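In what follows, a single structure is set out as structure tokens and then discussed.
Readers should treat all values here as calculations from the given coordinates under stated rules, not as data from a laboratory. Not measured: the values here are computed from a predicted model. Reconstructed Cβ throughout: ideal geometry from the backbone, glycine too, with neighbour counts over all protein chains shown.
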């Protein structure tokens, strides 16, 4: 099971393995405060894509398409998450305030095979 959560939300035992999927470390958080088990910055969108997107909902569909293309070239990082999925619940952590249009949401869709 894959969950998605903003890294600034409180830790919950039901989160399972907590994986930070952002390229940038969350501002003002230590590893202990964030309770991050694994930081997969390599699975995050490229800086070019992240800056182009800028969390603009009007670009969401195109962002998901471009990010999906990038993920095809990140087989090792994707496989790491798939292995962790087989072990149990995991939570993809992200930092942005936008809870609907972010790379964790797009990544979950990619991993679930729902690439609309």
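Please compute the modelled spin-label separation between residue 61 and residue 109, points set 7 Å along Cα→Cβ, answer in nm with one decimal.
Placing both labels 7 Å beyond Cα along the Cβ direction yields 1.0 nm.
Can you give me the pair-distance distribution of segment 2-110, C-alpha pairs, 10 Å bins, whole percents?
15, 50, 31, 4
Hey, what number do you get for the chain at 222 nm if only DSSP H runs of n ≥ 4 count, each worth -39500 (n - 2.57), divided across all residues, to the nearest 500?
That calculation yields -11500 deg cm²/dmol at 222 nm.
Roughly speaking, what is the stretch gain from residue 27 to residue 83, that is 0.36 nm per residue apart minus the C-alpha to C-alpha distance, in nm to one decimal?
17.3 nm
Considering only C-alpha atoms, what is the centroid distance from segment 65-87 to segment 4-55, in Å?
15 Å
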